[in-house]
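What follows is one structure encoded as structure tokens, with my remarks underneath.
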Amino acid sequence: MKKKRVLVTGGSGFLGSHLCERLLAKGHEVICVDNFFTGKKDNILHMMDNPYFEVVRHDVTFPLYIEVDEIYNLACPASPIHYQHDPVQTTKTSVHGAINMLGLAKRLKAKILQASTSEVYGDPKIHPQTEDYWGNVNPVGIRSCYDEGKRCAETLFFDYNRQHSLRIKVCRIFNTYGPRMAMDDGRVVSNFVIQALRGEDITVYGKGEQTRSFCYVDDLVEGMVRLMENTGDDFLGPMNLGNPGEFTILELARTVVDQIGSKSKIVFKPLPADDPTQRKPDISLARRVIDWEPSVDLKTGLVKTIEYFDTMLKEQ
């Protein structure tokens, strides 16, 4: 296999760091680009001694001049707490970041993958969500900076393909969890695990009847790499990547408490604005095109995730 020079934006984040690790293991040279707003150096420290791994501190809202063969564009805060902290910058990261990375790919004639999101479906009126569903998104809500930013990025990717024959891939990522999630990101898995490990009350919003599908990070990275490497230039996406196993938030809370053996109690608080009531991917396309489906079940993935957060808490 030819060694490629691969650029990963957002490469020091939760998902990006696992992707960098995977690409190095496949024998590629990897350039991690990150402004470290939500990414952490701790996530990539173990790769720093690898001569084929390089880190560039850079904000993708500004142009980047570098020579690479492929680009994975993951740069953007992905949890509500982080992307609502500076919503204008979140939109700029998705839109200006896409324009800058697409411009780079155009100059280099490089293949480029956009890490989109299930949030493009908004609060869906069809279930499970298929790639041909256009979504039900509030364009003026508190989550819109992320939802609409990612939707616009997808538009840009497809227009660059139509206008400039750019080789693109677009995947829509559903809830993903695992080691290296940020402790303060406010996502449901990390929240529940940390609260349970500390013996604190488990905070469930609404009645906990809203559903999510949880994909372990190793499975998700495998899907992204297969989409990039195992499909021809005629396949663009979008492609759903996620675990079709569906759980209510209350079920997740009880599973976490049981696995940890915690004495935490479950408490209920009002539902945040625009919180989707259902989320489940239809992965028929991924099964057919890249022969992919998740292999790690929720309880198995939670064991590794709990171990990670337990270690992090003990080191504080």
Taking only complete DSSP H runs, can you tell me which helices of the chain stretch 30 Å or more along their own long axis by Cα positions and average at least -0.5 on the Kyte-Doolittle scale? 87-108
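What does the extension gain come out to for Ala25 and Glu293, with contour length at 0.36 nm per residue minus their alpha carbon separation?
Once the chain is fully extended between Ala25 and Glu293, it gains 94.4 nm.
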Kindly list the residues of the range 1-15 that lie in the label zone of Asp86, defined by a backbone N under 17 Å from the point 7 Å along the Cα-to-C-beta vector. 10-13
Relative contact order of the chain: what whole-number percent is it, with Cα pairs under 8 angstrom and at least 6 residues apart? 17 percent
Quick one: accessible area per residue over the range 62-191, 1.4 Å probe, rounded to a whole number of Å²? 41 Å²
Once normalised by the length of the range 80-157, the mean sequence separation of its alpha carbon contacts under 8 Å that are 6 or more apart gives a contact order in percent of 44 percent
For a label point 7 Å from the Cα of Phe158 along Cα→C-beta, name the residues of the range 87-117 whose backbone N is under 16 Å from it. 114-117
Just grab the label-to-label distance for Lys109 and Asp258, each label 7 Å out from Cα along the Cβ direction, in nm (one decimal). 5.7 nm
With the radius of gyration and the Kirkwood radius both derived from the Cα set of the range 206-316, what is their ratio Rg to Rh? 1.05
Quantify, in whole percent, the carbon and sulfur part of the accessible surface of the chain (1.4 Å probe; protein heavy atoms only). 50 percent
Just report the Cα centroid separation between the range 133-149 and the range 68-92, whole Å. 15 Å
Nonlocal amide H pairs with Val56, under 5 Å, H built at 1.01 Å: Cys32, Val33, Asp34
Sorted by chain and number, the residues with a modelled amide H under 5 Å from that of Met181, at a separation of 5 or more or across chains, are none
Given all pairs of distinct Cα atoms, the range 47-115 yields a Kirkwood Rh in Å of 13.2 Å
Let me know the Rg and Dmax you get for the chain when you use only its Cα atoms, in Å. 18.8, 58
Based on the alpha carbon coordinates of the range 1-120, what radius of gyration and maximum Cα-Cα distance (Dmax) apply, in Å? 13.6, 43
Could you compute how much accessible surface Arg287 exposes when probed at 1.4 Å, giving the result in Å² to the nearest 10? 110 Å²
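The values are calculated or read from the model by the stated rules, or taken from the named source; none is laboratory data. Note that this is a predicted model, so its numbers are computed, not measured. With ideal geometry, Cβ positions are generated from the backbone for all residues, glycine too; neighbour counts draw on all protein chains shown. With ligands, DNA and RNA removed, areas are computed over all heavy atoms of the protein, side chains included. Shrake-Rupley method; radii C 1.70, N 1.55, O 1.52, S 1.80 Å.
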